[in-house]
């Protein structure tokens, strides 16, 4: 039986006509209206239902470097647990997974990798998480200049943004 050359031509035509995905930055996997600025200095994340402290650049009472908001991990935990914001007092240091959820990887480095309209004045520095490292004397932080994570000695200082 003789084969028809039509089928291979049809397959080629279909494959050639399929649209190719353009190269470039990965699309967002969440809507642009994900964050809602609330009164009292808070931001609600509609994707995770977490409520964040909006300003991360102000003074942190009880921290090593009060003016820059830089704290040891213990100071950061004390600061968050003692924070009353928007009438709420159940604030805490976020886990690494929670803090990474507000990183915006579409931002160019070394700009802060965060939505700067919703979270203004966020410096491109390290922020503590409550997630421990494999070393007992270290904990993980998120570096908002790159959106990456590393571990740091808990007696070193980093910034803190509280969550509830």
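Of note:
- Three-way shape label, the range 70-136, alpha-carbon gyration tensor, a/c 1.5: oblate
- Sorted by Cβ neighbour density within 10 Å, fewest at the top, the residues 80, 63: 63, 80
- Computed label-point distance, nm, for sites residue 121 and residue 145 using a 7 Å Cα→Cβ extension: 2.2 nm
- Distance between the modelled labels on residue 135 and residue 61, one decimal in nanometres: 3.4 nm (7 Å Cα→Cβ projection).
- Counting other Cβ atoms within 10 Å as a rough exposure proxy, the listed residues 97, 107 run 97, 107 from fewest neighbours to most.
- Global dimensions of the range 39-164 from alpha-carbon coordinates: Rg and Dmax equal 13.3, 39 Å.
Since every read-out is calculated from the coordinates, none of them should be taken as a lab result. Keep in mind that this is a model prediction, so the values were computed, not measured. A quick note on method: Cβ atoms are made from the backbone with ideal geometry, for glycine too, and the neighbour counts reach across all protein chains shown.
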